[in-house]
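Comments concern the structure below.
The values are calculated or read from the model by the stated rules, or taken from the named source; none is laboratory data. What you are looking at is a predicted structure, and each value in this text was computed from that prediction instead of being measured. In this analysis, Cβ positions are derived from the backbone assuming ideal geometry, glycine residues included, and neighbour counts consider all displayed protein chains.
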Ligand code: SF4
């Protein structure tokens, strides 16, 4: 069932519950199907008791509240994470991955970073940006006075792009892979509702905006995704390949713009990095 359809089902069930003193009734089979698709919707139903007759109401799993509107963002992300975990839409990646890499950080974050796809380290650890490029991103965050726990970090692709046996390194996702996986990222952004998005590298830009272009022209300017301000900057892996202070300064200037957009205080020391 699609998310809009689920939203409609939940809203209808809530209305029935509000206008009646008993829960809407459904068969055990329907309940089982809905529990798989969405436990929140299932919790609004009553089903026939197996032996002594009558109807039995069902509670949400521990930690989740009854009204969907009252669920916090972490709780709303959980069913998406579960669907990603079980996803086999790209059969070749589902076979080759160690695990899916959903995203990490604060579901209430004002700032969300988007990269391209898990690499070998991320595939192993199940977390985005944990390899060398990820460590550099963590240092950039620290210079911004943030920790990884303050922001949210996710990729366009949730599975590591496969590589031929015996080969080293990572490969970029294909347009088809990005298109297939993108809806999960869209759902994550819809739940988190960050004030500012940062796209790291050309692949993230293509995956999110469907736009190709030279990074030297795209970066450093404000773009928008669904009315959310979007800053494009170089992927940290680029800075590992090109250690020139001038390139580091460009990324840092992009991050200064992000801090300004978030109304974060900026010290003189921060303004002068890599000058
Ligand atoms: S890359 Fe995304 S769409 Fe493809 S199998 Fe992995 S989770 Fe599913």
### Query
In segment 104-118, is there at least one residue being within 16 Å of the ligand (Cβ to nearest atom), within 16 Å of residue 191 (Cβ to Cβ) and surrounded by fewer than 21 Cβ atoms within 10 Å (Cβ to Cβ)?
yes
### Message
Tell me the residue from 225, 238, 234 that is touching a strand residue (DSSP E or B) at 6+ places or on another chain (Cβ under 7 Å) and in contact (Cβ under 8 Å) with a residue 12 or more places away in the chain, please.
### Response
225
### Task
Give me the pairs, please: first residue somewhere in segment 83-94 and farther than 12 Å from residue 182 by Cβ and at pLDDT below 95, second residue anywhere and assigned to a loop (DSSP other than H, G, I, E, B) and more than 6 Å from the ligand (Cβ to nearest atom), beta-carbon distance under 7 Å, and either six or more positions apart or on two chains.
none
### Query
Which of (1) farther than 27 Å from residue 73 by Cβ; (2) free of Cβ contacts under 8 Å to residues at least 40 places away in the same chain; (3) within 16 Å of the ligand (Cβ to nearest atom) is the odd one out, the single condition residue 182 does not satisfy?
(1)
## Note on the structure
Going through segment 82-129 in order, the residues found to be over 15 Å from the mean Cα position of the chain (by Cα) and assigned to a loop (DSSP other than H, G, I, E, B) are 86, 88, 89, 90, 97, 98, 99, 119
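Assess whether residue 145 counts as being under 19 Å from residue 261 (Cβ atoms) and either over 17 Å from the mean Cα position of the chain (by Cα) or in a helix (DSSP H, G or I) (or both).
Against the criterion (under 19 Å from residue 261 (Cβ atoms) and either over 17 Å from the mean Cα position of the chain (by Cα) or in a helix (DSSP H, G or I) (or both)), residue 145 qualifies.
When you check residue 140 against the structure, is it out of contact with any strand residue (DSSP E or B) (no Cβ under 8 Å at 6 or more places or on another chain), more than 13 Å from the ligand (Cβ to nearest atom) and either assigned to a helix (DSSP H, G or I) or modelled with pLDDT of 95 or more (or both), yes or no?
Details: out of contact with any strand residue (DSSP E or B) (no Cβ under 8 Å at 6 or more places or on another chain): yes; more than 13 Å from the ligand (Cβ to nearest atom): yes; either assigned to a helix (DSSP H, G or I) or modelled with pLDDT of 95 or more (or both): yes.
Taking the combined requirement at face value, the residue satisfies it.
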